[in-house]
Amino acid sequence: MATVIFYEKPGCGNNTRQKALLAAAGHEVVARNLLTEPWTAERLLEFFGQCPVAEWFNRAAPRVKSGEIVPETMDGHAALSLMLDDPLLIRRPLIEASGRKEIGFDQELIAAWIG
């Protein structure tokens, strides 16, 4: 099975369940704090891949929920700048395994990717 680096918001119930699913599938999960990781724009882009900019955002982030930030109006440069300043805006988890990086927890994608 794979070693999975799992960037999470500590204490997030969804992230806790997701890590448990990965561990139950036999993967070694290495949890890292998404909020304190020293991100760069280039590094974040590696996770976002071909996803539209609006999908980079955590829809539960206070600034998104309040309407202060509208992901559909953002370009990549503006989105990255905001996320570097406020990592709560980053959709989570960010997952890295077997030389690949992904955003969010799509069980079908993960099953096809690492089993």
**Prompt:** What net charge do the residues around A111 carry, taking every other residue with its C-beta under 15 Å from that of A111, with Lys and Arg at +1 and Asp and Glu at -1?
**Reply:** -2
**Prompt:** Once amide H atoms are built 1.01 Å from N in the peptide plane, which residues 5 or more positions from N58, or in another chain, come under 5 Å H to H?
**Reply:** I90, R91
**Fill in**
Helix 76-85: inclination vs the chain longest Cα principal axis, degrees, rounded to 10, gives 80 degrees
**Message:** Under the √(5λ) rule applied to the eigenvalues of the Cα gyration tensor, what semi-axes describe the equivalent ellipsoid of region 27-106? Give them in Å, descending.
**Reply:** 21, 13, 12
**Asked** Taking all protein chains as present, what is the carbon and sulfur share of the accessible area of the chain, in % to the nearest whole number, probe 1.4 Å?
**Response** 51 percent
**Item:** Under Karplus coefficients 6.51, -1.76 and 1.60, residue-wise ³J(HN,Hα) of region 47-53 in Hz, glycine/proline x
**Value:** 7, 6, x, 8, 4, x, 3
**Request:** Calculate one ³J(HN,Hα) per residue across region 11-18 by plugging θ = phi - 60° into the Karplus curve 6.51 cos²θ - 1.76 cosθ + 1.60, and present them in order as whole Hz with x for glycine and proline.
**Result:** x, 6, x, 4, 4, 4, 5, 5
**Request:** Could you work out the local net charge near F6, counting Lys and Arg as +1, Asp and Glu as -1, over the other residues with Cβ closer than 13 Å to its Cβ?
**Result:** +1
**Item:** Length released on extending from A78 to V30, taking residue separation times 0.36 nm less the Cα-Cα span
**Value:** 14.3 nm
**Prompt:** Roughly how many whole Å is it from the C-alpha centroid of region 66-110 to that of region 1-48?
**Reply:** 13 Å
**Message:** Just the number please: accessible area per residue for the chain, 1.4 Å probe, all protein chains included, in Å².
**Reply:** 53 Å²
**Asked** Once phi is turned into θ = phi - 60°, what whole-Hz ³J(HN,Hα) does the Karplus curve with 6.51, -1.76 and 1.60 give for every residue of region 30-37, x standing for Gly and Pro?
**Response** 10, 7, 10, 7, 4, 7, 10, 5
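The values are calculated or read from the model by the stated rules, or taken from the named source; none is laboratory data. Just so you know, these numbers come straight off a predicted model, no measurement behind them. Backbone-built Cβ (ideal geometry, glycine too); neighbour counts: all protein chains shown. Keep in mind that these areas ignore ligands, DNA and RNA; they rest on the heavy atoms of the full protein, side chains included. Shrake-Rupley method; radii C 1.70, N 1.55, O 1.52, S 1.80 Å.
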